[in-house]
Amino acid sequence: MLPLHVKNSVWGTSRKIAALSSGPAAGLGSPLGHATLKISLSPSSLGSCLRLTAPYVAYITAFGVVPFFATFALVGLDFRSALVALRLVPVGQVFLNTFILAVATSVLGTLIGLVAAVAVDMLDVKYQRPLSLLTVLPHTVPFVSAALIWSISLYGGGWGWFTYLLHISFDPLYLANTALYGVILVSVWGAIAFPFIIIYATLRSIPPEIRENAMIDNIGLSRYYGEVAIPLASKAILIAFIIELAFSFGAFDAPYVLTGGGPGYATTTLGILTYEAVYNLNSYSAGALIAAAIAALATVPAIALFRVLRSRRALLPAVSVRLPDPVFKGIMLAVLSVILFFNVMPIYWMFLVAFRPNTLDFRSPPIMIPVKFTSAFFVQALRGSVPYMVSSVVVSVAVGVIAVLLASGASYEIARGRAWGWLLPLSIYLYVLPPMAFVIPLYIAFAKAHLLNTWWALITAMPLGYVTYALWIMNGFFVDLPKAYDEVADLFNIKGKFRRLILPLSRPVLLSTFLLAAVGAWHALFYPLIFSATPYNFGFPPQGAQTVTIYALTAIQESTIDWGLLASMALVAALPPMVLDIVFLSLIARGSRASGLKFL
């Protein structure tokens, strides 16, 4: 039945559907019983279908497919000069750093997310929602803000809370032989939420009778999860791991903010080297060569992802663990407590340091409870953020709207079999590719069009990752949307069926998609760093496009020892997406009906 808030022609259509579905043919195996409506597509309706998909195809072609192949073309045109530009760079070490960081982040992030998902899933429902929100709390914080807070959490000499609690006498980010471990730590912290969301949602979707039968057979919780639940969720586990691996090959934010790639090249990744090739080595061909290498690396997990998505069987073996339920629960809750502590503590530290006098910083042991309060640093950071905040709001809202507008029509047509079948796998492939795979040709094109340092460069380039992801998740929603709505709309010749009927029914997934895209755009650092140079000038036409993540990044140069201002700038960048992310995560916690999302 249609929601009560759908009015006008949609309400009239719902009455017709209800009349048909409640008639003599109702309940006989289809939404309209045995009455089958054979609606043929006229040339005009086929053209309408293509009009819904064409804008999406045009966009991903212009800002995804063409720049991707242009990256490889740039390498071929000037391969020798690219090698010359990189001759003094230890490229082998950079590849090794990238590989170690990617594998460690994806493996540890997925494993910790799996453990947290199992621990939360085994609890009573009333505890699951708050604990799940705490588990994904790092996802609400832009990585720039998180990295800034971790940078003062890892201070040696007992000043940082992390080094103090773990009795580490030095700052691991300052030493070449430990800096990469520090970057891995922060990357894993930010990577736990994504696997947790997918795995937890999958565990919750297992039919209750399976768990009830397992309990009746007295196999215990440890055997239920090891031998039943995890094999059933194996597809979700592997999807989470593969996507994390593909993204990690383009790792940029964490090493760039924490160490800048140093000391020396100890934490330089391929993502950082792409940026350095363009800005420091002044070589587009060298940047394109490194970007092509990242794309090639990410193609391997992309192929694996396609194979997993097509699989129809359990992909992970059963794990036989025989522990009494009290022991298993105790172990899992203890591990979950540790995970939650390290999830929450950096965010707590950000709020604590932002609202206290700087005389309480650089104390050993560190003061980890509120003692005095001041809003001076936060007010100062807030005032300085205004031009950056304007750019972030404009770009984020625009990216969210573009993602919804382009992906909704195309995903609907794919789900109904009226668009090209190859569009979905192509979109998934473009989604898992890091932005470095496209950035060099886009930079050259924007420079020639005089669009650098404008909102237009960000608004046109940044939606690619969110549009393709939106197509993927919206496709799952439209596949499940009963075809009875389409059949009756065609039967009664309703004009503008997609706009007047389908879109109102799709409000949950449209809202979730908008929030995902807008928050993701707010978090972004790489594209704003590449395509912008100054903050918004409050003039017309608008000039200057630096976003609030870049504003937070200036804390490293301006406030290297002023913890209060650094934490406040990080907090200013984090607060808006934290609010939106919590709204989105609340929808996820309420289930697919509220969010409209299906992760598998």
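Among the residues of segment 545-560, are any under 27 Å from residue 444 (Cβ atoms), buried (at least 19 other Cβ atoms within 10 Å of the Cβ) and out of contact with any Phe, Trp or Tyr (no Cβ under 8 Å at 6 or more places or on another chain)?
Checking segment 545-560: at least one residue is under 27 Å from residue 444 (Cβ atoms), buried (at least 19 other Cβ atoms within 10 Å of the Cβ) and out of contact with any Phe, Trp or Tyr (no Cβ under 8 Å at 6 or more places or on another chain).
Please indicate, with yes or no, whether at least one residue in segment 342-355 is more than 25 Å from residue 550 (Cβ to Cβ), open to solvent by 30 Å² or more (accessible area, probe 1.4 Å) and β-branched (Val, Ile, Thr).
Checked against the condition, which is being more than 25 Å from residue 550 (Cβ to Cβ), open to solvent by 30 Å² or more (accessible area, probe 1.4 Å) and β-branched (Val, Ile, Thr), segment 342-355 yields at least one hit.
Going through 115, 66, 120 one at a time, which residue ends up being over 19 Å from residue 439 (Cβ atoms), of a type outside the set (Asp, Glu) and open to solvent by 20 Å² or more (accessible area, probe 1.4 Å)?
None of the others qualify; the one that does is 115.
For segment 409-434, what are the residues that are open to solvent by 20 Å² or more (accessible area, probe 1.4 Å) and either touching a Lys or Arg at 6+ places or on another chain (Cβ under 7 Å) or over 19 Å from residue 52 (Cα atoms) (or both)?
429, 431
Would segment 75-84 turn up any residue that is touching a residue at least 12 places away in the same chain (Cβ under 8 Å), outside any helix (DSSP H, G or I), over 20 Å from residue 581 (Cα atoms) and open to solvent by less than 40 Å² (accessible area, probe 1.4 Å)?
Within segment 75-84 (the criterion being touching a residue at least 12 places away in the same chain (Cβ under 8 Å), outside any helix (DSSP H, G or I), over 20 Å from residue 581 (Cα atoms) and open to solvent by less than 40 Å² (accessible area, probe 1.4 Å)), the answer is no, since none of the residues qualifies.
Looking at 305, 323, 316, which is the one that is under 17 Å from residue 240 (Cβ atoms), in contact (Cβ under 8 Å) with a residue 12 or more places away in the chain, in a loop (DSSP other than H, G, I, E, B) and of a type outside the set (Phe, Trp, Tyr)?
Exactly one residue qualifies, and that residue is 316.
Filter segment 453-484 down to the residues that are among the hydroxyl-bearing types (Ser, Thr, Tyr) and out of contact with any helix residue (DSSP H, G or I) (no Cβ under 6 Å at 6 or more places or on another chain), then identify the one that is nearest to residue 63 (Cα to Cα).
460
Restricting to segment 269-281, give me the number of residues that are open to solvent by 10 Å² or more (accessible area, probe 1.4 Å) and either under 26 Å from the mean Cα position of the chain (by Cα) or touching a residue at least 24 places away in the same chain (Cβ under 8 Å) (or both).
4
Would a scan of segment 515-533 turn up a residue that is under 24 Å from residue 442 (Cα atoms), assigned to a loop (DSSP other than H, G, I, E, B) and open to solvent by 40 Å² or more (accessible area, probe 1.4 Å)?
yes
So residue 438 ticks every box in (1) under 20 Å from the mean Cα position of the chain (by Cα); (2) at pLDDT 95 or above but one. Which box is left unticked?
With respect to (1) under 20 Å from the mean Cα position of the chain (by Cα); (2) at pLDDT 95 or above, residue 438 is out only on (2).
Quick one: residue 155 ticks every box in (1) more than 25 Å from residue 564 (Cα to Cα); (2) open to solvent by 10 Å² or more (accessible area, probe 1.4 Å) except a single one, so which number is it?
With respect to (1) more than 25 Å from residue 564 (Cα to Cα); (2) open to solvent by 10 Å² or more (accessible area, probe 1.4 Å), residue 155 is out only on (1).
For the structure I just gave you, tell me whether residue 230 is of a type in the set (Val, Ile, Thr) and open to solvent by 10 Å² or more (accessible area, probe 1.4 Å).
yes
State which residue pairs qualify: first residue on the phi > 0 side of the Ramachandran plot and touching a residue at least 24 places away in the same chain (Cβ under 8 Å) and inside segment 201-220, second residue surrounded by fewer than 18 Cβ atoms within 10 Å (Cβ to Cβ) and in a helix (DSSP H, G or I) in any location, beta carbons under 6 Å apart, and separation of 6 or more residues or different chains.
220/325
Can you pull out every residue in segment 390-408 that is hydrophobic (A, V, I, L, M, F, W, C) and open to solvent by less than 10 Å² (accessible area, probe 1.4 Å)?
395, 399, 403, 407
Please go through segment 128-159 and pick out each residue that is at pLDDT below 90 and of a type in the set (Phe, Trp, Tyr).
143, 155, 159
Which members of segment 461-503 meet the condition of being under 25 Å from the mean Cα position of the chain (by Cα), β-branched (Val, Ile, Thr) and surrounded by fewer than 22 Cβ atoms within 10 Å (Cβ to Cβ)?
Correct list: 473, 479.
The values are calculated or read from the model by the stated rules, or taken from the named source; none is laboratory data. A quick note: this is a predicted structure, and the numbers were derived from the prediction, not measured. For neighbour counting, all protein chains shown are included, and Cβ atoms are generated from backbone atoms with ideal geometry for every residue, glycine included. Just the protein is used for accessible areas: all its heavy atoms, side chains included, with ligands, DNA and RNA removed. Shrake-Rupley method; radii C 1.70, N 1.55, O 1.52, S 1.80 Å.
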